[in-house]
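Report on one structure; see the data block that follows.
The values are calculated or read from the model by the stated rules, or taken from the named source; none is laboratory data. Keep in mind that what you see is a predicted model, and the values were worked out from it rather than measured. Please note: Cβ atoms are built from the backbone with ideal geometry, for glycine as well, and neighbour counts cover all protein chains shown.
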Amino acid sequence: CHCPYNVHRLNDHSQQCRSAPRSQQLQALIDFILPRTKYLATAQQIRVFIAHRKKTRAAIEPHAIIDALAELDGAFPFDIPTLDCGICMETCIYDDIFVFGCEENHKLCYVCFENSCASKMNNNETLTCGMCNYQLQEGEIKQLRVPADRKRQYLDYQIQKTFSAYVGGSQGIIRCPNGSCKWVAEASNPNDRFQVKCHMCGYEFCSLCNRQYHFRTTCQQIPEITERWFFWCDTGRSVVRY
């Protein structure tokens, strides 16, 4: 990495830095350089300057960058291209704007991008563009500037939502109804009733109604039989006439 750190904390920093996203590493570098520049520079200028050094394969070392900025005599040589976030309307440099794959190519800053994903996940909604119903793809979610564990949480959530939508809209898909078990299978004859045994938890159930398998009793008869059973239990198990 290019982060400035105390040499006596090399091991601690190495472990921390390996788990930090690149955006966080870059921000740490900018925060180190910003108060040490000879001439007043903005964080956006430093970010653009670092990006230019990467393109030209110049050294990405804090003190080398500080010295190079000082040689500019306060005259910044590069234009800073900007875009406005479609939600908060803040003006951001290109690198801080994410462009979605929807037809409108909506553009959001990374803060609004993450806030939109967090809000949709909290509301049990599929992750979409913050400004339309375009469903986010795996590659787009991976661009979020969040810690790796949080990014994995978003990815797993989106996969589950996409799969649930597919299962809910497809005939012949059988899901184990036992608690949080995630076993799924596809029936060759969706309209046939048969006994299913989950390959993950061992639960046995009916392929049509998801209740415990009821052999010769039809799915339609189960509610009536269950009601009579509860009535019999509540009335002291007296004789019930059929």
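Any residue at all in the range 25-36 that's surrounded by 13 or more Cβ atoms within 10 Å (Cβ to Cβ), modelled with pLDDT under 80 and not assigned by TED's automatic domain parsing to the domain that holds D149? Yes, because at least one residue in the range 25-36 is surrounded by 13 or more Cβ atoms within 10 Å (Cβ to Cβ), modelled with pLDDT under 80 and not assigned by TED's automatic domain parsing to the domain that holds D149.
Can you pull out the helices (runs of 4 or more DSSP H) entirely within the range 58-148 that have at least 2 residues that are under 17 Å from L26 (Cα atoms) and outside the structural domain of Q160 (by TED's automatic domain parsing)? Quick ask: steps written out before the conclusion?
Numbers: elements: 62-70, 110-122, 138-141.
The qualifying helices (runs of 4 or more DSSP H) are 62-70.
Among the residues in the range 155-178, are any modelled with pLDDT of 90 or more, of a type in the set (K, R) and more than 24 Å from C209 (Cβ to Cβ)? For the range 155-178, residues modelled with pLDDT of 90 or more, of a type in the set (K, R) and more than 24 Å from C209 (Cβ to Cβ): absent.
Can we say K182 is within 21 Å of the chain's Cα centre (by Cα) and farther than 30 Å from Q24 by Cβ? Criteria met by K182. Residue pairs whose Cβ atoms lie under 7 Å apart, separated by 6 or more positions or on different chains, with the first residue in the range 116-132 and touching a residue at least 40 places away in the same chain (Cβ under 8 Å) and closer than 13 Å to F100 by Cα and the second part of a helix (DSSP H, G or I) and among the aromatic types (F, W, Y), are G130/F113.
Any residue in the range 168-179 that is in contact with a Leu (Cβ under 6 Å, 6 or more places away or on another chain), free of Cβ contacts under 8 Å to residues at least 40 places away in the same chain and crowded, with 17+ Cβ neighbours inside 10 Å? No, the range 168-179 contains no residue that is in contact with a Leu (Cβ under 6 Å, 6 or more places away or on another chain), free of Cβ contacts under 8 Å to residues at least 40 places away in the same chain and crowded, with 17+ Cβ neighbours inside 10 Å. For beta carbons closer than 9 Å, sequence separation of 6+ or different chains, a first residue in the range 136-159 that is surrounded by fewer than 18 Cβ atoms within 10 Å (Cβ to Cβ) and a second that is of a type in the set (A, V, I, L, M, F, W, C) and modelled with pLDDT under 90, the qualifying pairs are E138/I159; P147/A20; A148/A20.
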